[in-house]
There are 2 protein chains.
Amino acid sequence: MLKRYLLAPGPTPVPPEVLLKMAMPIIHHRAPDFIPVFEEVREGLKWLYQTENDVLILCSTGTGGMVGAVNNFFSPGEKVLTVNGGKFGERWTEICKTYGLDVREIEVEWGYAVKPEQVEDALKKEPDIKGVFVQASETSTGVYHDVKTLGEIVGRYEDTLFIVDAISGLVAHDLKTDEWGIDVMVGGSQKGVMLPPGLAFVSVSEKAWKKAEKSNCPKFYFDFLKERKKQKDNQTNFTSAVSLIIGLNEAIKLLKKEGLKNVFARHEKLAHATRESMKAIGLELFAKESPSNSVTAIVAPEGIDGQKIYKTLREKYGVTAAGGQGKAKGKIFRIAHLGYADVFDVIVAVTAVEMALKNLGYPLQLGKAVAVAEEILMGEG
Amino acid sequence: MLKRYLLAPGPTPVPPEVLLKMAMPIIHHRAPDFIPVFEEVREGLKWLYQTENDVLILCSTGTGGMVGAVNNFFSPGEKVLTVNGGKFGERWTEICKTYGLDVREIEVEWGYAVKPEQVEDALKKEPDIKGVFVQASETSTGVYHDVKTLGEIVGRYEDTLFIVDAISGLVAHDLKTDEWGIDVMVGGSQKGVMLPPGLAFVSVSEKAWKKAEKSNCPKFYFDFLKERKKQKDNQTNFTSAVSLIIGLNEAIKLLKKEGLKNVFARHEKLAHATRESMKAIGLELFAKESPSNSVTAIVAPEGIDGQKIYKTLREKYGVTAAGGQGKAKGKIFRIAHLGYADVFDVIVAVTAVEMALKNLGYPLQLGKAVAVAEEILMGEG
């Protein structure tokens, strides 16, 4: 009887309340019993995004939302700036290039956050940059980019859109879409919102909508102007992913019950406990600065392969964390504390790491890391 | 206590076995317990498609699969031929135009099937047509196009691909991908395969793969060459829609248990019973020829609005059928017999129509239509 624990940065566990709602007999997306659900979900997403902007719902993974954030607002040849500090920053660059944009890229060493001055300098040098693309939480490195400050900088340029991939950041971080001037923000279902994969969300500011009218990239499946029109009537342009949207409604209800402030505080605390407990047994965080509250990336100790740690956690203890991606593969392992996560998910993660590392010959005193986690998790707030 | 019956041409009802599988705790798409499921699903789709070709699985609605069937195999300026005999034929034209293809369109009067000679003549006249796009079952009209004969015709042209939208046709019709020379065939989850919306399937022949290498339409989310490479390793290019794929595995098991021949015979019989029962009370089918086995479109009787019939079925009897789409709106109503459907779904549909029409003042003798349905449904095979 090896119980399974899912502690990966997506898909994340789905609460039983949500699973059960989605297991109800399916209903039709154009029929009157779906309309109020869709309306409630639209309002709920605005609440979660802290925005008055439209938040579109798409049937795709988060990457589909990223594609739509490129091909709906820009045209071939337009100059844009991407921040590439990991696998998902790289993806912004790839998508922009796919659609023929003229891409400037700030390459950030993996494990570090972009310095706001880098973006500032790039925009000063080339004020005809029409869009700045960044991650909130870069899932591959466990780094959080300073979206607030970046938003202030980009906001000084009237013709420049600020586009944020918040796929793994949403719910874990307090992202103030409107206050911070985020024109387009992408979310995904299988992360903080505690759903199976299959939905992307994209908020769009009025400034971005105006620019969308001039974009001439080819688009059909991700055609945001058409989606906007339809979704205002609580319909989608194509078949709605009804079961996932019904699940989303339930998931947002759970988050509302907890309250946004508490949701963010919980993630902050779980992340903090995870980080400090790892440090207590001599492990190094992969994020040298500005660690994400969604996922903690930990450097594999000298002589132990990161993938081996991932595999031991999984095979010996039933804990599915994550290994490294791209050039970090083998060098790190990652533990998520995202979405449907509480105190004992961190306890499971930390004790599993203690036991796995001990098993792999890393010298440590069992109980040392978890004691640190307990101390923090016991704290108020 | 108004029980609900879903008899629309998608989403269709999901069997409880499938709903329960999807309600199990979620697993990770890159972890070893998902790999064998994905492998089984890939094999299962080949069985369902009657093909040795790859069948890709995408996280999108069926329309996403249609987009991929255009932008992966063609380049701007290339000449293609679309058959437009309804809302979904129109969609082929729209997608091809979106990607800058040089589109020839055969406009077919709604309610009729394309005459194979029309396609033959078009290809003779312009042998540089590089692709022919058609629906198997055109959901908006309830017409089945003669895919087999069309495949023979297109097959004579070495450089022309034959692309079939089988989103509502798959499972209801015996579509022999390989035998009939279908190069690209698109399916969707919320139809015959009895799943919630969220997955598209696309089979791709070797001939099409060769052409894909030369295509220069921009593509990122629907990049079939990349998907092919990944899916050979039982992974997807982006996050897999794990819960839907697990459900798909279960749904295919149910279909396998029944056997393909029986599956097709069942759909044929349910469709036949629906059609004959409607005719028995003086109603006219919207399909003047070659009716689809997925959905029956029925002309609203003189003086009664089709939408009114749809609404009465729904509000008074809890039966969600479908109204008309596009220019057929108000003129017809549609009843599906697709996927998780048996004898008593037809009985429900037919008796609900009898009662609804009687309610709306149409002169009919209650029991007359259903007697005809019973007679047919009692028959062997």
Step by step: first the residues of the stretch A:172-225, then only those that are within 14 Å of chain B (Cβ to nearest Cβ) and basic (K, R), then the one that is surrounded by the most Cβ atoms within 10 Å (Cβ to Cβ). Which residue is that? A:K191
Test for A:I281: is it touching a residue at least 60 places away in the same chain (Cβ under 8 Å) and farther than 30 Å from B:P16 by Cβ: yes
Considering residues of the stretch B:27-43 that are assigned to a helix (DSSP H, G or I) and not β-branched (V, I, T) only, the residue surrounded by the fewest Cβ atoms within 10 Å (Cβ to Cβ): B:P36
Selection from the stretch B:226-241 of residues facing chain A (nearest Cβ under 9 Å) and surrounded by fewer than 24 Cβ atoms within 10 Å (Cβ to Cβ) yields B:T236, B:N237
Test: residue in the stretch A:340-353 that is in contact with a Ser or Thr (Cβ under 9 Å, 6 or more places away or on another chain) and charged (D, E, K, R): no
Of A:V37, A:V41, the only residue that is under 22 Å from the mean Cα position of the chain (by Cα) and either at pLDDT 95 or above or more than 30 Å from B:K308 (Cβ to Cβ) (or both) is A:V41
Could you grab me the full set of residues in the stretch B:158-170 that are more than 10 Å from B:G131 (Cβ to Cβ) and either surrounded by 24 or more Cβ atoms within 10 Å (Cβ to Cβ) or touching a Leu at 6+ places or on another chain (Cβ under 6 Å) (or both)? B:V164, B:D165, B:A166, B:I167, B:S168, B:G169, B:L170
Hits in the stretch A:57-76 - residues which are under 30 Å from B:G339 (Cα atoms) and outside any loop (DSSP other than H, G, I, E, B): A:I57, A:L58, A:C59, A:G62, A:G64
Go through the stretch B:232-247 and give me each residue that's out of contact with any His (no Cβ under 8 Å at 6 or more places or on another chain), part of a helix (DSSP H, G or I) and among the hydrophobic types (A, V, I, L, M, F, W, C). B:L244, B:I245, B:I246
Give the number of residues within the stretch A:153-176 that are polar (S, T, N, Q) and more than 14 Å from the chain's Cα centre (by Cα). 1
Filtering the stretch B:77-97 for residues that are farther than 20 Å from B:K329 by Cα, in a helix (DSSP H, G or I) and in contact (Cβ under 8 Å) with a residue 12 or more places away in the chain leaves a count of 4
How many residues are touching a strand residue (DSSP E or B) at 6+ places or on another chain (Cβ under 9 Å) and part of a loop (DSSP other than H, G, I, E, B) when one looks only at the stretch B:116-145? 10
Number of positions in the stretch A:45-77 that are buried (at least 20 other Cβ atoms within 10 Å of the Cβ) and more than 14 Å from chain B (Cβ to nearest Cβ): 9
Considering each of A:G111, A:G100 in turn, give the residue that is at pLDDT 95 or above, surrounded by fewer than 21 Cβ atoms within 10 Å (Cβ to Cβ) and in a loop (DSSP other than H, G, I, E, B). A:G100
Here is a list of conditions, (1) away from chain B (no Cβ under 14 Å); (2) in contact (Cβ under 8 Å) with a residue 12 or more places away in the chain, and A:K115 meets all of them except one; can you say which number that is? (2)
How many residues, within the stretch B:5-26, are more than 7 Å from every other protein chain (Cβ to nearest Cβ) and assigned to a loop (DSSP other than H, G, I, E, B)? 5
Count of the stretch A:146-170 residues which are among the basic types (K, R) and not in a loop (DSSP other than H, G, I, E, B): 1
Let me confirm something: among A:A369, A:A356, A:A341, which residue is of a type outside the set (F, W, Y), in contact (Cβ under 8 Å) with a residue 40 or more places away in the chain and within 29 Å of A:K253 (Cβ to Cβ)? A:A341
Farther than 28 Å from B:Q190 by Cβ and of a type outside the set (G, A, S), is that true of B:K97? no
Using the structure shown, decide if B:E52 is under 30 Å from B:L123 (Cα atoms), acidic (D, E) and within 17 Å of the chain's Cα centre (by Cα). no
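The values are calculated or read from the model by the stated rules, or taken from the named source; none is laboratory data. Note that this is a predicted model, so its numbers are computed, not measured. Glycine also receives a Cβ, built like all others from the backbone with ideal geometry; neighbour counts cover every protein chain displayed.
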